[in-house]
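Asks: Sharing a structure, written as C-alpha cells. Questions coming.
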Amino acid sequence: MDVIFAVKLYLNKMIEECGFGLKSLLMDRETTSIVSMVFTQSEMLAKEVYLFERLDRSDSIDTMKYLKCIVFVRPTKENISYLCRELKAPKFGQYFIYFSNIISKTDVKLLAECDEYEVVRDIQEFYCDFVAVCPHLMSLNILDGCYQNLHLKSESLERCVEGIISLLLSLQKYPTIRYQASSTACQRLAEGVKHVLNKEGSLFNFKSSSTISSRDNTTLPPVLLILDRRLDALTPLLNQWTYQAMLHELLTINNNRINLSDVPSVSRDMKEVVLSAEHDEFYEQNMYLNYGEIGANIKALMEEFQSKTKSQQKVETISDMKAFIEQYPQFKKMSGTVSKHVTLIGELSRLITMYNLFEVSEAEQELACQSNHSESLKKIRRLIANENVRYVDALRLVLLYALRYEKHSSNDVYSLIEALKKKAPGEDDPGKVSLKGVENIYTQHTPVIKDIIEELAKGRLKASHYPYLGTIQLTDKPSEIIVFMIGGTTYEESLAIYNLNKTLSGVKIILGSTSVHNFTSFLKEIRSDVTASTNSSSKNL
Amino acid sequence: MANPFDDDLIVEQVDKEQAMVKEGFLCPDCMTDFKTILRLQDHFAAVHTNDDRETTKKLSSQLKGFIGKARKMLNKADTFEDISTLDSSSALAIREPFFYHIWRTNQSIGPTNSFFEYFKQVRDSRIERYVIETNKLLIRLDKLMKDAPNDPEKRKQHEKSVVDWVNDADVKLCPSCAKSFNISRRRHHCRLCGGIMCHSCSMFLDFDYASKLISPTNLQSVSLLPSSSRNPDSNMAGLPRRGSNSSLMSMVNSAGEPHIRVCCDCKILLDRRNQLVEDQFAKPIITQLYEKLKSFIADGNKLIPLYCQMCSSLSQGESNYKLRDAQDLRIKLMRIAENIDVVSRKISNIDIQNEPPPHPSQLKLQRNIRLSATQYLRENMVGLPSLPTEEELQKLQEKRRQEIQKRIEEERKLALEEAEALRSQSSSSSSPSSKLDPKNLTQVSSASSFELVSPDTGWGPEFSLKPDCDLNAIDPMLVQISIIKNYIKKAREEHKYDEVAILELNLKELEINYMLEKQNQS
C-alpha cells in the first residue's frame, strides 16, 4: 500500500512495454506532476526516455520518426482532441498510449479513426491519476479551490471521484465507504465513488483474490473514509515546526520543488531545489523532525562533509587523485545535498527571526490548546501592533481567536479585525474570510484526523457521525484505511498519519486529499469559496 | 587426480562432518582407518600418487562428467541472472523506513485495461479502404509503366486500357476548381483513375518517384544509382516528340522529364503510401549511432561486475584469476568507456553545424542522450577499482599463503586433539558406510575457488572437431586435452575467467597424467 511505489510500478511497465530504443514521453500538465514526483530525470534517461514533451504543446516538436512515443495523459476531452490531431500528422514513429484513468469507448473509437498512419501500437488504461507525495500521502493538486458555497464544485467532485477510483485500483482495494455525516460534500463524493465502483465492477475483479490472500490478517475490506477540511480548520492555521511542514509553510513546496528565486543572495543553481525523500537520504531522515533536531543534524552533515573535503583537498600524489576520482560521484552528490539543505535551513531561520515566528507560534499554541481568554487577547493585540509580524500571521491569530472564542462572552473579534485593517489597509477585508459552517470543536494542537483514525482503527468510530454508504456495517477493526479529505490536507496531518502507521501495528493508513495546504493556500481556498458563492448568489438574483 | 568438478561441495562437506563424528576416515584404496582428514590426506598423497593407471581411468570418466556439468551450468545461467537482479532491487529497498519497506514487499502492479483490440478493429475497418484503393492504383501504375508503347497514339490506347477514361462530355466543369472547360482550359485525364480535371489542377508523378512506388523493396539500391540508369529497359526514357502535343504532354513535363499525370486524390493516396514505406526503411544517423552506443554500454555492463570480482579477488591475494587477464579486461573496459564517450559526443553534435540549425527538440534529444551517457560513465566507469601491480600481487599472494598455512596448521592441531579426545572417549566401531572419496578430500581447499564461480550469462563453447577424424583412433586423453584447450580459448573470449582458471588447472593435471601414462607405456 505504497502510493509512490504503485505509480512507479505502472510507469516502469509503461516504459518496459514500449521496448528498447530511443523513446520520448508525451504528457499533459497533471501527468507531468505525477511522473516527476516519483522519477528523476536521470532515472528516466537511464530508461532510454530522452525527450519529455507536453501533448498540448506538441506543435513545437520536430518530426522524429525514429523515436518511439509514450503518451501518458489524463483522459480529458482536450487531451483526446490533441491526441487526434497528433495522430493525424504523427511526429513519431510509434505511439504507445496510456490513459491515467477510465476512458470511454467512444473516445477510443475517435482515436482509432484518426490513426490513418497506423502508428498506434498500444492503447491502455494505467490507473495512476494522482500525485504521490509520500508513500502514505497522495494529492490531486486542485489548487484553485474546490468548494463553492460549501459544496464541491462539479468539476472538483468529478476529479475527486476519478482520483479516488484510480487510487483504489492502483492499490487493488475494494473498500467499504464511510463519510462525514455533517458535510454534504462528503456524502456526494462518497456516492460518486460508490456509483463508479458499481459501474466498473469488472475492473475491481481483484476484490475476491485480495481478500483470500490477506486471509491470515483479516478478511475485512479496507475502509475509505471521506472527510471535510471544515472538520478541522485549525490545523492549517497553525505555524509548523517540522522540516517538511515548515518548508511548505514558509517557502511553499510545489511538486517536491521549492522556488528560491526570491531569496536574497542565493546562488544561481539554487533558484529551484528539488526535495524528494525517494532520492535524498538526508531529507528522508529529517523531513519529520522538528526545527531544533534538524539544526543539529545539518551541523553534523556539514562537519562530515568538511572533513571529507579536507581529505579530498590534499590531492598530491597519483593515488590521492585516484581515490578522489573513485569517490567523486558520491562526493558530488553529497556536496549537492549539503548545500541545498544549508541554504534551505538558513532561509528558514532568517524568516523565523524576521517575522518573530517563535512568538507568533507560541501565541497560536496557547490559543489552540489553552483557554486563557484575556491573556491571549492581550498577546494578540501586542503581536498585531508589532511591525515585524507579518499580516498573514496576524490574520492567522485573529482567525484562530475567532474560531476558538466564537461563543465566549467577552469575545472581541471586531476590535481585532479593526486592528488588522489598520495594519494593512491595502489587503482584503478580513471580514470577508468567513469560516461559517466550520464545526467549532475543541482542538488540541494534534490534528483532529489523528483521533478519528485512532477511533476508526479501534472500530469505535460512531456510525451516526460517520455513516456507512450502503447496507454493510462493520463493527470490526479495519486493517487498511484510506482517508480522503476534501478541501486539502496539511503536512502536519501527513506526519500524524506517518506516526500512526508507525505506532498502530498491523494497520496501514493512506491519506489522500485535493491538495496539500499551507496557510496561504488555505486562505486562498476559503476566499475562492466565498467569492465563488457570492458570484453564484448574485447570478441567482 | 584432483578434480573439483566431481561432486557437490555441500554433500562433500556434510560427509566430512559425519565422518568426523564416526571417525570413518578410510582410505578407499587400502581401507586403512585414519584419525583425521589431514592424516588421510597425507597418507593418500604419500602412498597412492603413483597409482597412475587407476587415476587416469577415473580422470577420463570424471572429465566426461565435467562436460555434462558445464552444459548444465550454461542452461542454468539464465535463471541465475534473474535471481541476481531480484537481489539488487531488494537491496535498494532496505534503505526505506520500516513500514514503507513492508508495504512494498508484496505490492504488485495494479490492474490495467487494454483497448488495443477494439482500437485495431476500428482502425482496420477504416484503413482497409485506403489500402484497397492504394493497391488498385499501384497495380495500374505498374501496368502503365511496364509495357507502354513508344508511339503516342498507341500509348494513349494503352493508357485507356489500364483504366476506363471518363467520357469528356460527362464532365462540364473541372471537379476541383469548378471552372468550365474551353479551348484554353482543356480536359485532362488522370492516368490512374480516369477522372477528368483541368491542367492547373493536375498533379504529376515524377518517373523516378513512380518506379520507386511500385518497387519499394529496391528503395535503397534505386537511390544509389545515378538517375539515368535507373530504368534502362524502359521505353519512357527517350520519348520521341511528335504527333499530338496533348498526349505527349501527358508523359513529358516542360523540362523534358518523363512523368505521369494524376489527379490530386490519387496523388494523396500514393504519397501516404510512400511516406509509410519510407518511415519503415529510414534509419537516420542518430539511430545508427545510438545502437552503437547501446551495444558498447551492454558490453560494459557485462564486463564491469566481472572486472570488480577479479579485482577484489586479486587484491585479496587469491590466485583464481591471472593478473594479465584482469589487465586485459581493464584495457578493454577503458576502450569501451572511450567509445561510449566518442559516440555520445558524436550524437550530441549531429547536424549542429548545419544551416539552419536542427530543431530545438532534436537538440534536446541529442543533449539528453549525451547526458545519460556521461552519467553512465561517471557512475560505472570512473570509479573502477585499480589493479595491484605484479610485485604487489606477489606480496599479497605471499601474505595469503602464509595466512592459509597458519590456518591449516591450526586446524590440523585442533583436529588431531579432537580426534584423540574422541578416540580415548569411546572405541566405537568405524563406519565404513560413509562414502568417502579421497580425491574430494584432497580437493577441499582448492575447491573453495569453486564457490566463487559466478553463474553469468551462458556461453556456448562451439568447438569444432573435424567430423571426419575418428575419435576412437586417437587417445581419449588427447581428445580431452584438445577439448579443454578449446574451452579455455572460448572462455577467454567470453571473459569467463573463473572457468579459465578452473580449466587451466584441469588441463595441467591432464597433461601431467598423459605424460605419465606415455612413460608407463614405453
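The values are calculated or read from the model by the stated rules, or taken from the named source; none is laboratory data. Note that the structure is a prediction, hence the values are computed from the model and not measured. We place every Cβ from the backbone using ideal geometry, glycine too, and count neighbours over all the protein chains shown.
Asks: When you check A:Ala181 against the structure, is it touching a strand residue (DSSP E or B) at 6+ places or on another chain (Cβ under 6 Å) and modelled with pLDDT of 80 or more, yes or no? Let's see the steps before the verdict.
Replies: Values: touching a strand residue (DSSP E or B) at 6+ places or on another chain (Cβ under 6 Å): no; modelled with pLDDT of 80 or more: yes.
No; evaluated as a whole, the condition is false for this residue.
Asks: Looking only at residues that are assigned to a helix (DSSP H, G or I) and more than 10 Å from chain B (Cβ to nearest Cβ) in region A:488-499, which one is surrounded by the fewest Cβ atoms within 10 Å (Cβ to Cβ)?
Replies: A:Asn499
Asks: Here is a further query. Please note which strands (runs of 3 or more DSSP E) are completely contained in region A:3-80 and include at least 3 residues that are assigned by TED's automatic domain parsing to the domain that holds A:Gln94 and without any contact (Cβ under 8 Å) to a residue 40 or more places away in the chain.
Replies: Fully inside region A:3-80 and qualifying: A:49-54.
Asks: Go through A:Gln313, A:Gln330, A:Gln306 for me and flag whichever is loosely packed, with under 15 Cβ neighbours inside 10 Å, at pLDDT below 80 and within 14 Å of another protein chain (Cβ to nearest Cβ).
Replies: A:Gln330
Asks: Sticking with this one: So, A:Lys77, is that one charged (D, E, K, R) and within 25 Å of A:Ser515 (Cα to Cα) or not?
Replies: yes
Asks: So, restricting to strands (runs of 3 or more DSSP E) that lie completely within region A:84-195, which ones have at least 1 residues that are closer than 19 Å to A:Leu11 by Cα, of a type in the set (Asp, Glu) and in contact with a Phe, Trp or Tyr (Cβ under 8 Å, 6 or more places away or on another chain)?
Replies: Details: elements: A:92-99, A:120-126, A:131-134, A:137-139, A:176-179.
Because the criterion is at least 1 residues that are closer than 19 Å to A:Leu11 by Cα, of a type in the set (Asp, Glu) and in contact with a Phe, Trp or Tyr (Cβ under 8 Å, 6 or more places away or on another chain), the strands (runs of 3 or more DSSP E) in region A:84-195 that meet it are A:120-126.
Asks: Next up: Taking the residues in region A:119-154 that are among the charged types (D, E, K, R) and facing chain B (nearest Cβ under 9 Å) as candidates, determine which candidate is surrounded by the most Cβ atoms within 10 Å (Cβ to Cβ).
Replies: Out of the qualifying residues, it is A:Glu125.
Asks: Looking at the structure I just gave you, is A:Ala296 at pLDDT below 85 and within 26 Å of A:Leu351 (Cα to Cα)?
Replies: On the way: at pLDDT below 85: yes; within 26 Å of A:Leu351 (Cα to Cα): yes.
It is true that A:Ala296 is at pLDDT below 85 and within 26 Å of A:Leu351 (Cα to Cα).
Asks: Are there any pairs with C-beta distances below 8 angstrom linking a residue in region A:385-399 that is closer than 13 Å to A:Glu364 by Cα to a residue that is part of a loop (DSSP other than H, G, I, E, B) and modelled with pLDDT under 80, with the two at least 6 apart or on different chains, and if so which?
Replies: A:Leu395/A:Val433; A:Leu399/A:Val433; A:Leu399/A:Leu435
Asks: Shifting gears a bit: If we scan region B:337-347, do we find a residue that is more than 10 Å from chain A (Cβ to nearest Cβ), at pLDDT below 85 and more than 22 Å from the chain's Cα centre (by Cα)?
Replies: no
Asks: Can you name the residue in region B:324-373 that is among the acidic types (Asp, Glu) and in a loop (DSSP other than H, G, I, E, B) and, of all such residues, is nearest to B:Ser295 (Cα to Cα)?
Replies: Residue satisfying both the conditions and the ranking: B:Asp351.
Asks: Here is a follow-up. Is there any pair linking a residue in region B:284-299 that is under 18 Å from A:Leu45 (Cβ atoms) to one that is surrounded by fewer than 16 Cβ atoms within 10 Å (Cβ to Cβ), with Cβ under 8 Å and at least six apart or on different chains, and which?
Replies: Hits for this filter: B:Thr287/A:Gly21; B:Tyr290/A:Gly21; B:Lys294/A:Phe20.
Asks: Given (1) farther than 29 Å from A:Gln41 by Cβ; (2) in a helix (DSSP H, G or I), identify the lone condition not met by B:Tyr321.
Replies: (2)
Asks: For region A:251-299, enumerate the residues that are among the small types (Gly, Ala, Ser) and either crowded, with 18+ Cβ neighbours inside 10 Å or within 16 Å of A:Met37 (Cβ to Cβ) (or both).
Replies: A:Ser276, A:Ala277
Asks: Turning to a different aspect of this structure: Output the residues belonging to region B:362-394 that are touching a residue at least 24 places away in the same chain (Cβ under 8 Å) and away from chain A (no Cβ under 12 Å).
Replies: B:Pro388, B:Glu390, B:Leu393
Asks: Still on this model: Out of the residues in region B:262-291 meeting the condition of being part of a helix (DSSP H, G or I) and away from chain A (no Cβ under 13 Å), tell me which one is surrounded by the fewest Cβ atoms within 10 Å (Cβ to Cβ).
Replies: B:Cys264
Asks: Go through region B:101-119 and give me each residue that's modelled with pLDDT of 85 or more, part of a helix (DSSP H, G or I) and surrounded by fewer than 17 Cβ atoms within 10 Å (Cβ to Cβ).
Replies: B:Glu117, B:Tyr118
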